[in-house]
Every structure is written in C-alpha cells, then in structure tokens.
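All of the numbers you see were taken from the coordinates with simple rules; none came from a lab. Just so it is clear, the structure is predicted and the values come from calculations on it, not from any experiment. Please note: Cβ atoms are built from the backbone with ideal geometry, for glycine as well, and neighbour counts cover all protein chains shown.
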C-alpha cells in the first residue's frame, strides 16, 4: 500500500512537471532573444564557443569590429587575445 501511494505521488509530480515544461517552452525562445548579448545595436557577435574542460570555455567574440578571445571559467573571465589592428 505504501509503495503504490509513493509511486502515485511520483507519477503525479512527474505529470505536473511535464505539463509545466510544455507550457513554458514556447515562451523561452523570444525571452532568450530579448536577453541575448546583441543588445539594441548588435555590437557583440559570438563567433564560437569551445569547451576546454568541465567549467571552462574559450569564447570567440567580435565587439564593434574588434576580435577577442576570452577564457570563461568558474573563477571568472579573462581576455586571452585582443586584436586591435583595423
């Protein structure tokens, strides 16, 4: 009896979570495009993201025509390379 009651609670919780996910997913894409790095003028372009190890990434950016290579880790972000030539 106790096992079936617990199983029923788990299945009901799973059904609620699946329904909530299906309700939220259509609104995620417009929200993510509003919160993107582009901003209003589109000054930042993410060219590529390369995972190095768990929690560390190399990110290629172009900011107002300047090429940048940034190392992003759990400790923060560091500029590895910045091209200042026109």
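Some notes on this structure:
- Cα coordinate range in the range 39-86, projected on the principal axes (Å, largest first): 32, 25, 17
- Residue order, fewest to most surrounding Cβ atoms within 10 angstrom, among 53, 68: 53, 68
- Distance in nm between pseudo-label sites at residue 84 and residue 66 (7 Å out along the Cβ direction from Cα): 0.9 nm
- Distance between modelled label sites at residue 3 and residue 18, nm, 7 Å Cα→Cβ extension: 2.3 nm
- Taking label positions 7 Å along the Cα-Cβ direction at both residue 28 and residue 49, the computed distance is 1.3 nm, reported to one decimal.
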